[in-house]
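S.K.: Sharing a structure below in structure tokens format, with a few things to ask.
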Amino acid sequence: MKMALSLTNVCKRFGGVTALDGVSFDVAHGELLGLVGPNGAGKSVLVNVVSGFYPLTTGSILVDGRDVTYAPPHHFGRLGIARTFQNIRLFKRMSVLENVLVAFPRHVRSPFGSILRWNRRAEIDHALALLSQMRLVEKADQSAGSLAYGEARRLEIARALATEPKLLLLDEPAAGMNDRETDELRADISDLRSMLDAIVLIEHNVEFLRGLSDRLVVLDYGRMIADGVPDIVLKIPAVVEAYLGAAEDA
Amino acid sequence: MIQDYLFFTGINVLLAWSVYIILMSGSLSFANGGFMALGAYATGYLTTTYGLDLWLVIPPVALLAALFGALVSLPALRTRGVYLILVTIGISICMGVGIESSEALGGVKGMGGLVGTEPWHVFVLVGVVGLFLLIVSYTPLQRILDAVREDEYVARSLGINTTYVKVVSFGAGAALAATSGALYAHYLIFIRPEHFNVMMSLFMVLYVILGGVNNLWGAALGATIMTLAPEFIRGMAEWRPTVFGLIIILLLLVRPQGLLAFRTRTARAGTRVAKWVQGKLVPGGAAS
Ligand SMILES: Nc1ncnc2c1ncn2[C@@H]1O[C@H](COP(=O)(O)OP(=O)(O)O)[C@@H](O)[C@H]1O
Ligand SMILES: [Mg+2]
């Protein structure tokens with residue numbers, strides 16, 4: 001069966017640092033996979049590798065059965081992979097609306113052809129629909145740089161959705177949010193599931209993922225130490241230890 | 001003569017835009033003096049040696065410059081920041097040295113007999129290029145360029161072929177610099193390599209930085225002020241470079257962001273926001 005995402009023996013080294021060490025797992029269609037692990041475990045590196053930011057050292061990546069291991073970086077987005085960033089990376093000089101409009105595939109695929117394509121009302125409405133879904137529609141004409149932290153995180157999701165992705169990678173979307181915002185975001189992500197083929201959600205806080213994710217993959221020092229249903233995975237001694245260790249560090 | 005001032009102002013506005021066009025995709029080019037020289041000498045050679053019509057030779061030479069610009073940008077774009085700047089300065093220097101050592105182009109002695117440009121030709125081109133840039137600033141292309149300039153990596157992850165965007169904008173900027181060079185040369189009648197030295201490239205960049213890097217008006221204003229302001233102290237010719245330098249320092253101190261720093265929105269939701277808020281339009285319903 002074709003998987004939404006399939007990683008085989010993925011390794012990523014930076015000089016002497018092995019950030020990912022033989023990671024293999026699949027994400028099935030319709031699945032929401034939680035990716036957890038202590039700080040420095042390699043979660044963000046994994047997202048960077050799967051979204052084409054870093055070429056991997058060895059291993060292979062299949063998206064919907066297609067081998068993208070050696071695809072040029074801009075192909076990842078076109079193949080239906082979208083992502084958000086742990087350190088928010090919006091286009092701050094643009095408006096909230098423009099941050100969404102900029103990602104529409106029609107223009108992204110032929111930038112110079114877009115001289116002839118004006119801003120159609122339907123397109124603006126489509127962008128407003130995505131903003132409304134992320135509860136940002138009132139802010140449409142504000143500068144993206146003026147958004148509060150939680151809003152900026154949601155705008156990153158709206159921008160990612162504008163690429164019409166199949167697979168969405170969320171890198172700690174709740175980081176820096178208060179409890180109420182976190183709960184709201186949880187509901188938002190839950191609503192996104194129907195729009196997407198699969199979601200990979202990185203979250204440091206496992207409580208956020210309990211009940212939300214179908215499966216958990218646990219990374220520690222670049223290695224996969226567990227893969228399975230949340231309730232079972234979170235009882236595995238190695239996982240508990242990796243987390244308790246991290247909690248003591250913090 | 002007032003006509004000369006207007007002509008040189010127009011040329012400098014075009015040159016500032018040639019830098020701005022490349023800057024739109026995020027690269028600061030100090031090679032445009034070199035592209036300008038290419039346009040001046042290539043058209044000059046063809047009009048003087050073969051007696052060809054200036055208007056006939058400008059399009060192919062501009063195309064040649066675009067290809068040359070695109071070609072040199074490929075290795076240049078692999079480098080970043082200060083290295084890209086050094087590579088483009090190198091291109092300007094090589095161009096100058098190449099012309100100086102070329103017998104056919106007159107070497108250090110220069111090339112003469114270049115005629116055919118009237119000031120209004122330049123004004124028309126300023127109007128056409130300005131209108132084009134104005135239109136672009138309201139299209140999705142402007143957003144894509146802004147994205148590439150602000151965060152190339154994020155732009156790429158959205159699916160934008162950033163290399164292609166940058167190479168094309170380099171080519172377009174080179175073509176405009178070459179066209180300006182051709183018009184400039186055929187107005188001056190006589191050109192020498194030092195007309196197109198590294199200082200020329202530096203001035204074009206300064207016009208844009210002093211005027212403002214975010215919109216087409218900044219580059220135009222910067223070029224106009226820097227061309228005309230030193231003329232106000234005519235009669236003190238020896239002080240002109242000093243005044244020029246002082247204006248640069250003053251502007252950078254007072255307005256480091258440039259005179260006109262605003263960025264035009266490519267699209268607005270405007271009153272449609274209210275309709276969404278009131279729930280008159282439902283999510284998904286209007287999705288194309
Ligand atoms: N660009 C990089 N260059 C060198 N080392 C990196 C780079 N990116 C990440 N690393 C290293 O990879 C390891 C995993 O980092 P990361 O994936 O950010 O952890 P996290 O699981 O907290 O997201 C860390 O040791 C980090 O220092
Ligand atoms: Mg991380």
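S.K.: Search segment A:42-64 for residues that are free of Cβ contacts under 8 Å to residues at least 24 places away in the same chain and pair each with any residue that is part of a helix (DSSP H, G or I) and of a type in the set (S, T, N, Q) when their beta-carbon atoms are under 9 Å apart and the residues are at least 6 apart or on different chains.
M.R.: These pairs meet every condition: A:Phe53/B:Ser157.
S.K.: For segment B:119-136, which residues satisfy the criterion of being within 14 Å of another protein chain (Cβ to nearest Cβ) and over 15 Å from B:Ala175 (Cα atoms)?
M.R.: B:Leu131, B:Leu134, B:Ile135, B:Val136
S.K.: Have a look at A:Val102, A:Val108, A:Val137 and point out the one that is facing chain B (nearest Cβ under 9 Å) and more than 27 Å from B:Gln278 (Cα to Cα).
M.R.: From the options A:Val102, A:Val108, A:Val137, the qualifying one is A:Val108.
S.K.: Where residues in segment A:193-206 are at pLDDT 90 or above and outside any loop (DSSP other than H, G, I, E, B), which of them is farthest from ligand 1 (Cβ to nearest atom)?
M.R.: Step by step, filter segment A:193-206, then rank; the result is A:Ser194.
S.K.: Here's another thing I want to ask about it. I need the full set of residues from segment A:80-95 which are more than 7 Å from chain B (Cβ to nearest Cβ) and in contact (Cβ under 8 Å) with a residue 60 or more places away in the chain, in order please.
M.R.: Within segment A:80-95, A:Gly80, A:Ile81, A:Ala82, A:Thr84, A:Phe85, A:Gln86, A:Ile88, A:Leu90 qualify.
S.K.: Count, please, the residues in segment B:150-165 that happen to be in a helix (DSSP H, G or I) and farther than 16 Å from A:Ser114 by Cβ.
M.R.: Residues meeting the conditions: 7.
S.K.: Inspect all residues belonging to segment B:242-255 and state whether any of them is away from chain A (no Cβ under 14 Å) and under 30 Å from B:Gly112 (Cα atoms).
M.R.: yes
S.K.: Now a separate question. In segment A:34-55, which residues are within 9 Å of ligand 2 (Cβ to nearest atom), part of a loop (DSSP other than H, G, I, E, B) and of a type in the set (S, T, N, Q)?
M.R.: If the condition is that a residue be within 9 Å of ligand 2 (Cβ to nearest atom), part of a loop (DSSP other than H, G, I, E, B) and of a type in the set (S, T, N, Q), then A:Asn39 is the only one that fits.
S.K.: Tell me, please, whether a residue that is at pLDDT below 95 and hydrophobic (A, V, I, L, M, F, W, C) can be found in segment A:163-174.
M.R.: The answer is yes; a qualifying residue exists.
S.K.: Scan segment A:1-16 and give yes if some residue there is within 16 Å of ligand 2 (Cβ to nearest atom), more than 17 Å from A:Ile81 (Cβ to Cβ), over 19 Å from the mean Cα position of the chain (by Cα) and more than 14 Å from chain B (Cβ to nearest Cβ), otherwise no.
M.R.: Within segment A:1-16, one or more residues are within 16 Å of ligand 2 (Cβ to nearest atom), more than 17 Å from A:Ile81 (Cβ to Cβ), over 19 Å from the mean Cα position of the chain (by Cα) and more than 14 Å from chain B (Cβ to nearest Cβ).
S.K.: Then there is this: So, of the residues in segment A:111-129 that are over 13 Å from B:Ser137 (Cα atoms), small (Gly, Ala, Ser) and within 7 Å of chain B (Cβ to nearest Cβ), which turns out to be surrounded by the fewest Cβ atoms within 10 Å (Cβ to Cβ)?
M.R.: A:Ala122
S.K.: Is at least one residue of segment A:207-218 within 16 Å of ligand 2 (Cβ to nearest atom), assigned to a helix (DSSP H, G or I) and modelled with pLDDT under 95?
M.R.: Checked against the condition, which is being within 16 Å of ligand 2 (Cβ to nearest atom), assigned to a helix (DSSP H, G or I) and modelled with pLDDT under 95, segment A:207-218 yields at least one hit.
So that you can scan it fast, the table gives a plain yes or no per residue for (1) modelled with pLDDT under 90; (2) under 24 Å from A:Lys92 (Cβ atoms); (3) touching a Leu at 6+ places or on another chain (Cβ under 9 Å):
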{"residue": "B:Gly107", "(1), (2), (3)": "yes, no, no"}
{"residue": "B:Phe123", "(1), (2), (3)": "no, no, yes"}
{"residue": "B:Leu131", "(1), (2), (3)": "no, no, no"}
{"residue": "B:Val154", "(1), (2), (3)": "no, yes, yes"}
{"residue": "B:Ser157", "(1), (2), (3)": "no, yes, no"}
{"residue": "B:Ala177", "(1), (2), (3)": "no, no, yes"}
{"residue": "B:His186", "(1), (2), (3)": "no, no, yes"}
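S.K.: Would you say A:Arg89 is touching a Phe, Trp or Tyr at 6+ places or on another chain (Cβ under 9 Å), at pLDDT 95 or above and either part of a helix (DSSP H, G or I) or not aliphatic (A, V, I, L, M) (or both)?
M.R.: Considered against the rule, which asks whether it is touching a Phe, Trp or Tyr at 6+ places or on another chain (Cβ under 9 Å), at pLDDT 95 or above and either part of a helix (DSSP H, G or I) or not aliphatic (A, V, I, L, M) (or both), A:Arg89 comes out as yes.
The values are calculated or read from the model by the stated rules, or taken from the named source; none is laboratory data. None of the values given here were measured: they were computed from a predicted structure. As a convention, Cβ positions derive from the backbone with ideal geometry for all residues, glycine included, and neighbour counts pool all protein chains shown.
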